[in-house]
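Written below as structure tokens is the structure these notes are about.
The values are calculated or read from the model by the stated rules, or taken from the named source; none is laboratory data. The model shown is predicted, which means the values in this text are computed figures rather than measured ones. Here the Cβ positions follow ideal geometry from the backbone for every residue, glycine too, while neighbour counts run over all protein chains shown. Ligands, DNA and RNA are stripped out before the accessible areas are found, and what is left, the full protein with its side chains, is counted by its heavy atoms. Shrake-Rupley method; radii C 1.70, N 1.55, O 1.52, S 1.80 Å.
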Amino acid sequence: MVCGYAEPVTFPVLGMVGGGQLARMTHEAGIPLGIRFRLLSDTPQDSAALVAPDVVVGDHRDLGTLRDFARGCDVITFDHEHVPTEHLRALEAEGVPVRPGPDALMHAQDKGVMRARLDSLGVPCPQHRIVRDPADVAAFASEVSGALTQADGGAGFPVPVVLKTVRGGYDGKGVWVVRNTAEAAEPFRAGVPVLAEEKVDFARELAANVVRSPHGQAVAYPVVESIQVDGVCDTVIAPAPGLPGHEAVQAQELALRIAQELDVVGHLAVELFETRDGRVLVNELAMRPHNSGHWTQDGAVTSQFANHVRAVLDLPLGDPRPRAKWTVMANVLGGDYPDMYSAYLHCMARDPQLKIHMYGKDVKPGRKIGHVNTYGDDLADVRERAAHAAGYLRGTITE
Ligand code: ADP
């Protein structure tokens with residue numbers, strides 16, 4: 001009598017394009033599952049390339065390199081949005097499982113495509129349109145303000161406008177707040193289409209994170225508050241303090257609907273603005289693990305990284321529920337001191353519950369080089385511990 005599987009099942013090879021910290025932590029999440037990990041990295045010094053067992057160093061914009069890389073993988077997924085959509089279509093046509101697929105991913109690659117699609121789905125977004133030149137931005141500012149005249153004439157726009165290059169931005173790079181035609185000239189220099197948006201006077205920024213598998217199974221994490229400093233994520237609080245239950249559920253349902261309509265596979269972060277009258281507007285989509293989900297490593301039953309791995313391999317998804325009343329994530333940015341290790345003694349002794357995640361990157365001022373997670377029942381205490389550790393590691397707090 002033969003028991004068990006008819007055919008031997010081998011552990012799959014998960015290929016990830018991009019060697020940043022998201023790949024490093026996705027690799028880490030696959031280790032206990034025995035998943036084999038293959039990485040396409042720009043350089044051998046990239047964060048994930050320093051730890052992954054099977055690294056191909058090459059250019060993700062080159063189809064030949066992508067083809068060679070994919071040959072050794074059962075499925076490929078991404079650490080960033082920068083692989084040309086036509087290359088992904090070519091790989092898919094050749095039978096490579098690409099997750100998320102190009103038809104979904106293009107909404108995270110191109111903010112113009114994303115806005116058009118969300119409009120067609122009736123998803124609330126800031127007022128927006130593609131603009132041709134600074135004069136067109138002035139016209140847009142007038143449309144948004146409802147002003148009768150659109151003269152700039154050095155006096156400036158009636159309302160500030162947010163300009164974004166439709167491709168290639170991250171961490172606030174590729175985003176400008178402009179108040180007159182002179183300032184509006186800069187974004188057009190790159191020669192890529194520019195999206196204009198009303199400058200939303202939001203109460204705070206939220207993120208609704210969900211994960212969806214090819215089977216159509218989906219899970220939603222608690223909605224979090226994300227606090228940005230100079231356009232870079234600084235702190236994430238899970239769950240978002242004071243968010244009424246019905247609003248949290250609405251945001252989760254919105255993210256699940258977007259994931260389904262766009263046929264997203266893997267982790268989807270929906271960045272949101274909460275307006276002062278309690279509405280949510282979608283700012284951005286990211287189809288990969290996301291900074292607003294790093295808290296899940298220590299604060300949820302299944303982390304975003306583990307669920308991304310499960311989703312792209314079409315395994316059943318893990319429980320997204322929180323393990324603590326509050327979890328706070330604080331990013332560690334590079335400061336003036338290149339030596340982080342000496343700070344460990346103080347941080348670990350001060351807070352034995354502190355969870356430190358460093359990315360193995362060289363310290364450069366302002367660069368994201370790690371994050372910390374803290375959790376507990378008292379939000380003020382949990383926030384203080386996270387802020388202290390992140391500040392101490394950076395060197396902005398010295399005691
Ligand atoms: P990136 O691709 O760099 O993440 P985002 O579109 O998320 O760019 O913008 C970065 C930050 O700029 C946001 O987190 C938010 O703080 C601010 N921002 C972006 N769009 C708007 C807007 N329409 N109104 C007000 N602030 C905005």
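Ligands, DNA and RNA left out, the accessible area of the stretch 308-389 computed with a 1.4 Å probe is 53% carbon and sulfur. For the chain, the relative contact order comes to 12 percent (Cα pairs under 8 Å, sequence separation of at least 6). Pairs of C-alpha atoms in the stretch 261-333 farther apart than 19 Å represent 46 percent of all such pairs. With N as its number of residues, the stretch 276-399 has a Cα radius of gyration that, divided by 2.2 N^0.38 Å, comes to 1.17. Extension gain for the segment VAL192 to LEU345, taken as residue separation times 0.36 nm less the Cα-Cα distance, is 50.3 nm to one decimal. Peptides 75-87, 344-356 ranked from most to least packed by the mean count of surrounding Cβ atoms within 10 Å: 75-87, 344-356. Counting every alpha-carbon pair across the stretch 1-121, the share separated by more than 24 Å comes to 33%.
Scoring 132-140, 376-384, 327-335 by mean Cβ neighbours within 10 Å over their residues and listing the highest first yields 327-335, 132-140, 376-384. Rg/Rh, computed from the Cα trace of the stretch 58-123 with Rh as the Kirkwood radius, has the value 1.03.
Think of a 1.4 Å ball rolled over the protein heavy atoms: the chain then has 45 Å² of accessible area per residue.
Where both bridge residues fall in the chain, DSSP classifies roughly 80% of the beta bridges as antiparallel. Dividing the summed -39500 (n - 2.57) terms of all DSSP H runs of n ≥ 4 by the residue count of the chain sets its mean residue ellipticity at 222 nm at -8500 deg cm²/dmol.
In order along the stretch 336-348, the phi-based Karplus estimate (6.51 cos²θ - 1.76 cosθ + 1.60, θ = phi - 60°) of 3J(HN,Hα) comes to 7, 9, x, 9, 7, 4, 5, 6, 4, 3, 5, 5, 5 Hz; Gly and Pro are listed as x. Using the alpha carbons alone, the radius of gyration of the chain stands to its Kirkwood radius in an Rg to Rh ratio of 0.98.
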